[in-house]
Amino acid sequence: MAEGVIQDFLSYLNLQKRFSPHTVKNYQLDLQEFFNFVSDKGKNDFDVSEISYQHIRGYIANRMEAGISAKSANRKLSTLKSFFKHALKNNLVKENPTQKVKAPKIPKKLPVFIDQTQTDYLFSSYTFKADFEGVRDKLLMDILYQCGIRRAELLGLKENDVDIYNLQLKVLGKRNKERVIPFDYTLKRSLENYLREKSENKLTNAHLLVTLQNKPLNASQVGKIVFTVLSGVTTAKKKSPHVLRHTFATHLLNNGADINAVKELLGHTSLAATQIYTHNTIDKLKKMYNQAHPRSGN
């Protein structure tokens, strides 16, 4: 019976909640892992209503003992909460067993971001190759930093999502929610240069960012490009596309941007998700300290 309930839930996520295929797949993998864990405990044929909070608590504990992070454990628990909430709504269970399971505490970490002097160097002095791939890679970095979009959003960009005349980018975010992001003339020039190179190389794929084989860039390729470029400008351990998203938000807020505007640009549904970027850089703290503390020497 569990398999049928899982499929019904996944259809609900896909058709009614309009989750992306990638997100639905993650839900499916989490649920399959959980029910495989329950089966390993001797329940090869069971009804979803038989699942108790002890099963769920044991599963989460087992996963954390296997080495997954508290954040990953919370995501798996969130999947189960959504699943059993849906099952309760459809009268498949009498109560939601996840309500008695406490979520693992996640250590608070500040977002990793690139210092503004390093991003200035990236776009003024870093040497990109003079060929098509170099022009493309510079544009890729420029979009991630200037627009703060997610890697999946970048991969989904089509040429017709770019409005060069009005200096804006249409992005399809989570849950298929569209938003429009403005950009400046430097990115406009990068886009025009890239589109010219793309045309000269007879690359006709509708996706904005493509390979010389006329195929859209994939997630792995984007990750490698960002890692390679950031390795030339920073010693930070983490060098991912999301670091540039963190950098985008941090630099905006550090330079006086309204947090609600940043929330809209990032495509966050909750202001709490944006507030993690209201941290201060150590340089900003030192400056404030030197200006305000009576014993600072200034």
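The values are calculated or read from the model by the stated rules, or taken from the named source; none is laboratory data. Because the structure is predicted, anything quoted here is derived from the model rather than measured. Neighbour counts are summed over all protein chains in view; Cβ atoms, including those assigned to glycine, are modelled from backbone coordinates with ideal geometry.
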For this session: Go through the range 93-120 and give me each residue that's closer than 19 Å to residue 59 by Cβ and touching a residue at least 12 places away in the same chain (Cβ under 8 Å).
Result: 93, 96, 97, 98, 99, 100, 101, 103, 104, 105, 106
Exercise. Is at least one residue of the range 173-196 modelled with pLDDT of 95 or more, over 24 Å from residue 252 (Cα atoms) and in contact with a Lys or Arg (Cβ under 7 Å, 6 or more places away or on another chain)?
Worked result: yes
Problem set entry | Elements of type helices (runs of 4 or more DSSP H) contained in the range 110-166, each with 2 or more residues being within 13 Å of residue 195 (Cα to Cα) | 132-147
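Give the range 19-65 a look and list any residue that's aliphatic (A, V, I, L, M), modelled with pLDDT of 90 or more and part of a helix (DSSP H, G or I), or say none.
We begin by selecting, within the range 19-65, every residue aliphatic (A, V, I, L, M); these are 24, 29, 31, 38, 48, 51, 56, 60-61, 64.
From what's left, modelled with pLDDT of 90 or more: 24, 29, 31, 51, 56, 60-61, 64.
Residues satisfying the conditions are 24, 29, 31, 56, 60, 61, 64.
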Exercise. Can you pull out the residues in the range 203-228 that are part of a helix (DSSP H, G or I) and within 13 Å of residue 135 (Cβ to Cβ)?
Worked result: 225
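Table: residues versus (1) at pLDDT below 90; (2) more than 16 Å from the chain's Cα centre (by Cα).
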| residue | (1), (2) |
| --- | --- |
| 226 | no, no |
| 243 | no, no |
| 260 | no, yes |
| 274 | yes, no |
| 280 | yes, yes |
| 286 | yes, yes |
| 294 | yes, yes |
Exercise. In this structure, does residue 82 turn out to be out of contact with any Phe, Trp or Tyr (no Cβ under 9 Å at 6 or more places or on another chain), of a type in the set (Gly, Ala, Ser) and on the phi < 0 side of the Ramachandran plot?
Worked result: no
For this session: Could you tell me whether the range 190-202 includes any residue that is in a helix (DSSP H, G or I), touching a helix residue (DSSP H, G or I) at 6+ places or on another chain (Cβ under 7 Å) and loosely packed, with under 15 Cβ neighbours inside 10 Å?
Result: yes
For this session: Have a look at 262, 180, 171 and point out the one that is outside any helix (DSSP H, G or I), buried (at least 16 other Cβ atoms within 10 Å of the Cβ) and on the phi < 0 side of the Ramachandran plot.
Result: 171
For this session: Among what's in the range 202-212 and is out of contact with any Leu (no Cβ under 9 Å at 6 or more places or on another chain) and either modelled with pLDDT under 95 or of a type outside the set (Gly, Ala, Ser) (or both), pick the residue that is farthest from residue 156 (Cα to Cα).
Result: 202
Exercise. If we scan the range 66-77, do we find a residue that is modelled with pLDDT under 95, more than 28 Å from the chain's Cα centre (by Cα), surrounded by 13 or more Cβ atoms within 10 Å (Cβ to Cβ) and outside any helix (DSSP H, G or I)?
Worked result: no
Exercise. Can you find a residue in the range 160-168 that is at pLDDT 95 or above, of a type outside the set (Val, Ile, Thr) and either surrounded by 17 or more Cβ atoms within 10 Å (Cβ to Cβ) or not assigned by TED's automatic domain parsing to the domain that holds residue 239 (or both)?
Worked result: yes
